[in-house]
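Okay, so here's the structure we're looking at.
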């Protein structure tokens, strides 16, 4: 079966000028360059982003937060905190980042494409209602989920976040919400310090937050096992109408910001699991949006692997290969058992 896969991208995303910061425009240049070189781009349906409206941004953020970003950009930019920088065009670009994910959601839900990847920046999953942080200005995936719930009248959305850092802003947004199941794998402890086993949601959202805090050194087999033994049964019980993915590639073994051992092939395997769940549960409706990933080769080859799997290709090249050294992976039996018991996933 031919898979129609959309890609949302525009050079405007390069105008969020962070200089030599790890979250820089070269990330997208490397990805687009590889997709062009390997002739993947021509297999995708390309969509232009639009700017999200202020009212759409308010689905996830306070008016004060939005004004703070806009005003600092108008003043020429500056540092919001030790990690997060704004340039003169950052506010405008951030509107296009959020709007790019909304375009991807629209195209998938209209069935113009089977799946879509929003290749956007700045990333979003750390941004909270009140605060930009962790390289993130607006929380693109929260805005997209709330947009899909309201504009498209959906009732259940699954968000899968495999960035190596916990998506604290996304968790905060849905901590008491019954309509969104948030599932996160992340290295723990690590920035931002959230995402423990005990953070499971409350009130209407009780049990709708599934955190899988993993020790350093986990690789392809450990992540795939977590997806198979925790994510898959939780997703089948929840029966989402749409799957949104915070696609961070900083758990790759080459990425210097963390200590995981995923490979390019491993990211392809995770995508395959997600695609199968989408095909089984929600007519294949799945949208990826870029979060982290800072080694340019690891990032670009892993995004390529993701898109190849979405296109239906099983032979995924991995020019980087496995991590060096014969390192024994950590034992995650106890973590899996605890989470499955806590969330009623044990038969």
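The values are calculated or read from the model by the stated rules, or taken from the named source; none is laboratory data. Note that the structure is a prediction, hence the values are computed from the model and not measured. FYI the Cβ positions are ideal-geometry reconstructions off the backbone, even for glycines, and counts take in every protein chain you see.
Considering only residues in segment 60-85 that are buried (at least 20 other Cβ atoms within 10 Å of the Cβ) and closer than 15 Å to residue 139 by Cα, the one that is nearest to the chain's Cα centre (by Cα) turns out to be 60. When segment 15-36 is filtered for residues that are free of Cβ contacts under 8 Å to residues at least 40 places away in the same chain and closer than 26 Å to residue 112 by Cβ, only 36 remains.
Yes/no per residue for (1) surrounded by 20 or more Cβ atoms within 10 Å (Cβ to Cβ); (2) modelled with pLDDT of 95 or more; (3) over 27 Å from residue 146 (Cβ atoms):
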position	(1), (2), (3)
231	yes, yes, no
288	yes, yes, no
293	yes, yes, no
304	yes, yes, yes
317	no, no, yes
326	no, no, yes
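Counting only helices (runs of 4 or more DSSP H) that sit wholly inside segment 29-121, those with at least 1 residues that are in contact with a helix residue (DSSP H, G or I) (Cβ under 8 Å, 6 or more places away or on another chain) and over 28 Å from residue 150 (Cα atoms) are 63-74. Evaluation of residue 189 against the conditions (1) crowded, with 22+ Cβ neighbours inside 10 Å; (2) closer than 25 Å to residue 82 by Cα shows that the sole unmet condition is (1).
Got at least one residue in segment 307-325 being closer than 18 Å to residue 187 by Cβ and in contact with a strand residue (DSSP E or B) (Cβ under 8 Å, 6 or more places away or on another chain)? Checked segment 307-325: at least one residue is closer than 18 Å to residue 187 by Cβ and in contact with a strand residue (DSSP E or B) (Cβ under 8 Å, 6 or more places away or on another chain). Are any residues in segment 136-165 out of contact with any strand residue (DSSP E or B) (no Cβ under 8 Å at 6 or more places or on another chain) and crowded, with 24+ Cβ neighbours inside 10 Å, and if so, which ones? Answer for segment 136-165, where residues must be out of contact with any strand residue (DSSP E or B) (no Cβ under 8 Å at 6 or more places or on another chain) and crowded, with 24+ Cβ neighbours inside 10 Å: 136, 138, 139, 142, 143.
Looking at segment 80-88, is at least one residue modelled with pLDDT of 95 or more and under 30 Å from residue 113 (Cα atoms)? No, segment 80-88 contains no residue that is modelled with pLDDT of 95 or more and under 30 Å from residue 113 (Cα atoms).
Filtered by the rule that a residue be in a helix (DSSP H, G or I) and either under 13 Å from residue 221 (Cα atoms) or touching a residue at least 40 places away in the same chain (Cβ under 8 Å) (or both), segment 273-288 gives 273, 274, 275, 277, 278, 280, 281. Say whether the condition of being buried (at least 24 other Cβ atoms within 10 Å of the Cβ), at pLDDT 95 or above, in a helix (DSSP H, G or I) and in contact with a helix residue (DSSP H, G or I) (Cβ under 9 Å, 6 or more places away or on another chain) is met by at least one residue in segment 245-266. For segment 245-266, residues buried (at least 24 other Cβ atoms within 10 Å of the Cβ), at pLDDT 95 or above, in a helix (DSSP H, G or I) and in contact with a helix residue (DSSP H, G or I) (Cβ under 9 Å, 6 or more places away or on another chain): present. When you look at residue 226, is it in a strand (DSSP E or B) and either more than 20 Å from residue 124 (Cβ to Cβ) or touching a strand residue (DSSP E or B) at 6+ places or on another chain (Cβ under 6 Å) (or both), yes or no? Taking the combined requirement at face value, the residue does not satisfy it.
When residue 159 is tested against the conditions (1) farther than 14 Å from residue 291 by Cβ; (2) touching a residue at least 12 places away in the same chain (Cβ under 8 Å), the lone failure is (1).
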